[in-house]
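Colleague: I have a structure I would like to understand better, so I am pasting it below and will then ask my questions one at a time.
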Amino acid sequence: MAKKSLHGFKRVLNATRYSCQGLKATFQNEPAFREEVLLAFIMIPAALLMDVTQIERILLIAVVVLVLFAELVNSAVEAVVDRIGAEQHELSGRAKDIGSAAVMVTMLLAGYVWLEILIL
């Protein structure tokens, strides 16, 4: 017999639990994510204290969160690739490189936004 899918509040609770498990796993297993979380804990309060417009504050915070998002996706890609096998394969390497590039692009965007708002 097929398992009934959950609906409503129970589904939201389960989804929240799975998301928290993902954050915990990434924090425990990915040093880059830990470093980015540390920076976020510095940069987000700094953005809240700065004398900038509301839109600028939103942008400063959003790009920091975007870096965390990209790192989470990159870590997920790496976990799936590693699960498939340890042997070298062109597509596995490409997938990991593309995930890494996504993180780099978001970091460059974050740096640009912070520089543009605070210095330029």
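Colleague: Note down the nm distance, to one decimal, between modelled labels 7 Å out along Cα→Cβ at Ile84 and at Tyr18.
Modeller: 2.2
Colleague: Still on this structure, please answer the following. Any chance you could run the full-extension gain for Leu91 through Val73? It's 0.36 nm times the residue separation minus the Cα-Cα distance, nm to one decimal. If you can, show how the numbers build up before the last one.
Modeller: Details: separation 18, 0.36 × 18 = 6.48 nm, distance 1.70 nm.
Here the answer is 4.8 nm.
Colleague: Shifting gears a bit: Putting +1 on Lys and Arg Cβ atoms and -1 on Asp and Glu Cβ atoms, find which of Gly8, Val64, Ala40 reaches farthest to the positive end of the dipole of the chain.
Modeller: Looking along the dipole axis, the top candidate is Gly8.
Colleague: Consider just the alpha-carbon atoms of segment 6-80 and return their Rg together with their Dmax, both in angstrom.
Modeller: 15.1, 46
Colleague: Which order, highest average first, do 56-63, 68-75 follow once you tally other Cβ atoms within 10 Å for each residue and take the mean per peptide?
Modeller: Packing order, densest peptide first, comes out as 68-75, 56-63.
Colleague: Let me ask another. Using the heavy atoms of the protein chains alone and a 1.4 angstrom probe, what is the accessible area of segment 31-119 per residue in square angstrom? Present the calculation step by step, with values, prior to reporting the outcome.
Modeller: On the way: 5960 Å² over 89 residues.
Per residue, segment 31-119 has an accessible area of 67 Å².
Colleague: Which order do the peptides 78-84, 12-18, 109-115 come out in when sorted by mean C-beta neighbours inside 10 angstrom, highest first?
Modeller: Those peptides, ordered most packed to least, come out 109-115, 78-84, 12-18.
Colleague: Here's another thing I want to ask about it. Label segment 63-108 by shape, choosing from rounded, prolate and oblate, from the square roots a ≥ b ≥ c of the eigenvalues of the Cα gyration tensor; if a/c is under 1.5 it is rounded, and otherwise prolate applies when a/b is larger than b/c, oblate when it is not.
Modeller: Since a/c reaches 1.5 but b/c is at least a/b, the shape of segment 63-108 is classed as oblate.
Colleague: Sticking with this structure for a sec: Taking the Cα centre of segment 31-119 as origin, sum charge times position over the Cβ atoms of Lys and Arg (+1) and Asp and Glu (-1), and report the length of that vector in debye to the nearest 20.
Modeller: On the way: 5 positive and 11 negative charges, 26 e Å.
Its charge dipole is roughly 120 debye.
Colleague: Which percent of the accessible heavy-atom area of the chain goes to carbon and sulfur, probe 1.4 angstrom?
Modeller: It is 69 percent, rounded to a whole number.
Colleague: Still on this structure: Extending each Cα 7 Å along its Cβ direction at Leu39 and Leu6, get the distance between those two points in nm, one decimal.
Modeller: 3.4
Colleague: Separate question: Run lengths n ≥ 4 of DSSP H only: what is the helix-derived mean residue ellipticity at 222 nm for the chain, with -39500 (n - 2.57) per run over all residues, to the nearest 500?
Modeller: About -30000 deg cm²/dmol.
Colleague: Report the dimensions of segment 31-119 along its three principal axes from the alpha-carbon atoms, largest first, rounded to Å.
Modeller: The Cα atoms of segment 31-119 stretch 52, 20, 16 Å along their principal axes.
The values are calculated or read from the model by the stated rules, or taken from the named source; none is laboratory data. Everything numeric here is computed off the predicted structure, so don't read it as measured data. With ideal geometry, Cβ positions are generated from the backbone for all residues, glycine too; neighbour counts draw on all protein chains shown. Just the protein is used for accessible areas: all its heavy atoms, side chains included, with ligands, DNA and RNA removed. Shrake-Rupley method; radii C 1.70, N 1.55, O 1.52, S 1.80 Å.
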